[in-house]
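Taking it in order: structure first as structure tokens, then the write-up.
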Amino acid sequence: MLSLVSLLLLVMLISSDHVSSYSNEETQALLKWKASLHNHNHSSLLSWTLYPNNFTNSSTHLGTEASPCKWYGISCNHAGSVIRINLTESGLGGTLQAFSFSSFRILHTLMSASTTSLFSGGIPPEIGLLTNLEVLHLVQNQLNGSIPHEIGQLSSLYELALYTNQLEGSIPASLGNLSNLASLYLYENQLSDSIPPEMGNLTNLVEIYSDTNNLTGPIPSTFGNLKRLTVLYLFNNSLSGPIPPEIGNLKSLQELSLYENNLSGPIPASLGDLSGLTLLHLYANQHSGPIPQEIGNLKSLVDLELSENQLNGSIPTSLGNLTNLETLFLRDNHLSGYFPKEIGKLHKLVVLEIDTNQLFGSLPEGICQAGSLERFTVSDNHLSGPIPKSLKNCRNLTRALFQGNRLTGNISEVVGDCPNLEFIDLSYNRFHGELSHNWGRCPQLQRLEIAGNNITGSIPEDFGISTNLTLLDLSSNHLVGEIPKKMGSLTSLLGLILNDNQLSGSIPPELGSLSHLEYLDLSANRLNGSIPEHLGDGLDLHYLNLSNNKLSHGIPVQMGKLSHLSQLDLSHNLLTGSIPPQIQGLESLEMLNLSHNNLSGFIPGAFEYMTGLSGTKICAAMLKGCKPCKYGSGVDQQSVKRSHKVVFIIIFPLLGALVLLFAFIGIFLIAERRERTPEIEEGDVQNDLFSISTFDGRTMYEEIIKATKDFDPMYCIGKGGHGSVYKAELPSSNIVAVKKLHPSDTEMANQKDFLNEIRALTEIKHRNIVKLLGFCSHPRHKFLVYEYLERGSLATILSREEAKKLGWATRVNIIKGVAHALAYMHHDCSPPIVHRDISSNNILLDSQCEEEREVPGGARGLVVRYGYKEWGNMGCFGNPIVLSLALHEAHISDFGIAKLLKLDSSNQSLLAGTFGYLAPELAYTMKVTEKTDVFSFGVIALEVIKGRHPGDQILSLSVSPEKDNIALENMLDPRLPPLTPQDEGEVIAIIKQATECLKANPQSRPTMQTVSQMLSQRK
């Protein structure tokens, strides 16, 4: 018995010494790590301390301060060994380099997350020594470097969270060894390369969150082995290739989110086997083909989003089976066919967006029958018929967009009971009838747009519109009568657009009380009387257009208080008197049009100092002896300096003499021009009717009218924001392109666009800039005459099968041409010219440039494919042959919003350009620099290489342009053959330059001169 007691005492003594040894080792390891932290004196670590008076016999007293078990964030087992370290929100900062992982071999939980002080540096490979670790959370820190492959040694791990750090490199294949892993959180890092197929070995995985990284390559088909997976988030990466059909094996899957990648191919029908799926996000990819009928089997689905792809065909009727669906996004695809009536059966729908497709037919009854719908958009389709009654009385509806269809019905019956409606757009449909008081049923309404319909009658005095209204657009209808005075009570109004109607009477002075109004367009009506002085109280006005009315009397001096006004158009009225000198208060003014009035007096000298003014028209064209209007950066400053007493109206007795004088001068100039080398001078811009190099202007005008049959639509070859382009074949066999401004734009705000284009093009001459042959400023028409380029726009060619004929060398040549043209505009023109609308629609192609390439002979029938032509070697043997290969040459066109930069001014401007190509800084500043064009060039360069617009990839490149590991295959047009070694070098150089151009900070972008030189160095 004594020997048994002795044995037990011996075992206890050995165990005590062993535990004491562990405890001392862990204590010392923690204290050493504490000392390495940046803020080791932080309040969180006050308990991490040894007291010497209690430490003398710590080997036998486990409860003393020698044990870390009572320290902040530390937990121990019954034996006193550390098993859990949790420093979440501790506020500590430092690295893991001094942490002794070997001292904590039985640790099963290590957690650190913070939003204040953060851990940085890499994850040491010694972390692989924690073989008993079950939970590893190192999240929301600043950890960088790669994930060590030794992490695959943590065989007990079931939860791994490394999200919201700065980790980079690839996901280690060794993760496939973690057979117990149930949860994997790697999101919001900078991980790259392909997903290792070994992850398919993790058969116990329940959740994968690897979104918001830079992962590339395909989704491994081995993911089909993860039968327990409930959540798979891989969105916001650069994954490519098709969705593997094996994903359909994941019977437990509830959420699948793959949006914002480069995934392509059809949506696999096997997804219809995921009966438990509640969320499916595939939007912003490159998926093609039809939506599979099998999607209708997902009866648990709550959120289905397939927008921004290339899906075609009809919407499957099987979607009507998704009775639990609350969110359905199918917008921005190529879907066609009838709007399926089965959609009306989805009574739980909260959001339904199917705009920007090619759907036709009528909207089905039953939509919003249950009243749950909040957002509904079907704009930009080909829909017809009335708006269903069930939709009119949708009480929870907040947003409804119907614009750009062929919908019909009485406008007074469109709206029903809509207490929560905030935004409705019915523009550009075929609604008729008169406005009613029914809009009073929408007390929350903020935006009401009904432009471009057949609305008749007058605007009701008591329109019933909510005072919350910020935008009212009733333009391009047939409204008559006066503008109600109660419009002045819409105190939240930012935009009032009533142009292109038949409104009469005077402008109510009450509009001056709209203190927040920024945009007011009353042009092209029949308004009379004087301009109300109270309009000068609208201090937030940026845009004011009262042109093409019958306004009389003088320009109110109070207009000079509109310091934020950038565009003012009072043309085509009956205004009299002089231009008030207070106009100098319009310090933000960029465009001023006072033409076609009865103004008199002198041109104010203040124009000389209004440096932001880039477009002015102040002449009265009704006076036949008056010189044509001068456009440009203010007025002619030299003449202003000589004398500010330029007479504005010429007295009638001198008219006849002046007409004769100008007739003689015109005959002399025409005769002289025929003898000169064809060249457009700046003075040509000021000729009265028409100016065209080496041609008789009047004759050419008549020939163009005849050739286009007075601009018959059959000759229209394109339309843009500023006008339509017509093809005109003249009797001389010359073919020209004629750009005619839209009738509603002529003599109004876009007059600035027309004249900017003339000014810019007459002052620059470059092989990659479209040639201006002449212009017309006839009272009936205003148009520009260009050289005709057969191939059309770059955007059109890239969107067609013809893009396959644009070989790599041709595309490189196109990009170089655009770079050279922009470098010329920015650095060789004085003042520099910023285009501001560089897009693939504004780049035209020809095939005038030829490149010679030597091809060795030796094979009969050899065919060399280059550019867009095929050339055959019909039988040379042994000797090289030289092939002359036609390459497309790029020409920049459409200078409708070009801006001549004043080197000593702020160069502020209204937002202009094409969305998708705009520099990000234009979202928060109106300052225009050459760097806005540089950003657009970066988009164009990637678009030419990819064969399509790079989309959301622009954002990732602009935020992290330093990434050099962009997968080349993800940047190339898959329609083209593989790159040759020579072309590969060119393409990589272009991608790198484009990436530099897309930097978010404008100052970090290169100049176009630098880009042009860099690309020219590569031959």
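Inclusion of Pro974 among residues that are open to solvent by 20 Å² or more (accessible area, probe 1.4 Å), modelled with pLDDT of 85 or more and under 30 Å from Leu263 (Cα atoms) is warranted. Of the conditions (1) surrounded by fewer than 18 Cβ atoms within 10 Å (Cβ to Cβ); (2) under 26 Å from Lys299 (Cβ atoms); (3) at pLDDT 90 or above, Glu365 satisfies every one except a single condition; which number is it? Result: Glu365 passes all but (3). Residues that are among the hydroxyl-bearing types (Ser, Thr, Tyr) and modelled with pLDDT of 95 or more were ranked within the stretch 204-237; the one that is least open to solvent (accessible area, probe 1.4 Å) is Ser210.
Here Gln166 fulfils each of the conditions (1) in contact with a strand residue (DSSP E or B) (Cβ under 9 Å, 6 or more places away or on another chain); (2) modelled with pLDDT of 95 or more; (3) open to solvent by 60 Å² or more (accessible area, probe 1.4 Å) apart from (2).
Restricted to the stretch 90-104, and to residues there that are surrounded by fewer than 15 Cβ atoms within 10 Å (Cβ to Cβ) and in contact with a Ser or Thr (Cβ under 9 Å, 6 or more places away or on another chain), the residue that is nearest to Ala161 (Cα to Cα) is Gln97.
Scanning the stretch 454-487 for residues that are within 29 Å of the chain's Cα centre (by Cα) and under 20 Å from Val415 (Cα atoms) returns Asn468, Leu469, Thr470, Leu471, Leu472, Asp473, Leu474, Ser475. For the stretch 450-470, a tally of residues being outside any loop (DSSP other than H, G, I, E, B) and open to solvent by 20 Å² or more (accessible area, probe 1.4 Å) returns 3. Asn393 meets all of the listed conditions (1) in contact with a Ser or Thr (Cβ under 9 Å, 6 or more places away or on another chain); (2) at pLDDT below 95 but one, namely (1). Against the test of being in a loop (DSSP other than H, G, I, E, B), small (Gly, Ala, Ser) and open to solvent by less than 10 Å² (accessible area, probe 1.4 Å), the options Ser523, Ser492, Ser515 yield a single qualifying residue, Ser523. Within the stretch 420-443, restricting attention to residues that are farther than 18 Å from Leu496 by Cα and under 33 Å from the mean Cα position of the chain (by Cα), which residue is most open to solvent (accessible area, probe 1.4 Å)? Ranking the candidates gives Arg430 first.
Summed over the stretch 237-294, residues that are out of contact with any Asp or Glu (no Cβ under 8 Å at 6 or more places or on another chain), among the hydroxyl-bearing types (Ser, Thr, Tyr) and more than 16 Å from Ser318 (Cβ to Cβ) total 4.
Of all the criteria given as (1) under 30 Å from the mean Cα position of the chain (by Cα); (2) open to solvent by less than 10 Å² (accessible area, probe 1.4 Å); (3) farther than 16 Å from His149 by Cα, the one not satisfied by Asn262 is (2).
May I ask you to list the residues in the stretch 980-1019 that are at pLDDT 85 or above, aliphatic (A, V, I, L, M) and not in a helix (DSSP H, G or I)? Residue satisfying the conditions is Leu998 alone. Scanning the stretch 892-941 for residues that are among the acidic types (Asp, Glu) and either in a loop (DSSP other than H, G, I, E, B) or at pLDDT 85 or above (or both) returns Asp894, Asp904, Glu930, Asp933. In this structure, Ile424 does not qualify as closer than 22 Å to Leu493 by Cβ, of a type in the set (A, V, I, L, M, F, W, C) and in contact (Cβ under 8 Å) with a residue 40 or more places away in the chain. Within the stretch 546-553, none of the residues are within 35 Å of the chain's Cα centre (by Cα), farther than 29 Å from Ser458 by Cβ and either modelled with pLDDT of 95 or more or open to solvent by 50 Å² or more (accessible area, probe 1.4 Å) (or both). Say whether the condition of being at pLDDT below 95, closer than 20 Å to Phe423 by Cβ and not small (Gly, Ala, Ser) is met by at least one residue in the stretch 481-489. The answer is yes, given that some residue of the stretch 481-489 is at pLDDT below 95, closer than 20 Å to Phe423 by Cβ and not small (Gly, Ala, Ser). Scanning the stretch 336-351 for residues that are in a strand (DSSP E or B) and either modelled with pLDDT of 95 or more or farther than 16 Å from Leu383 by Cα (or both) yields a total of 1. Exactly one residue out of Pro388, Pro364, Pro419 is in contact with a Pro (Cβ under 8 Å, 6 or more places away or on another chain), within 23 Å of Pro290 (Cβ to Cβ) and in contact (Cβ under 8 Å) with a residue 24 or more places away in the chain, and it is Pro364.
Taken over the stretch 262-277, the criterion of being within 14 Å of Leu322 (Cα to Cα) and of a type in the set (Gly, Ala, Ser) is satisfied by Gly272, Ser275, Gly276.
The values are calculated or read from the model by the stated rules, or taken from the named source; none is laboratory data. Keep in mind it's a predicted model, so treat the numbers as computed, not measured. Positions of Cβ are generated from backbone atoms using ideal geometry, with glycine treated the same way; all protein chains shown enter the neighbour counts. Protein only, heavy atoms only, side chains kept; ligands, DNA and RNA dropped before computing areas. Shrake-Rupley method; radii C 1.70, N 1.55, O 1.52, S 1.80 Å.
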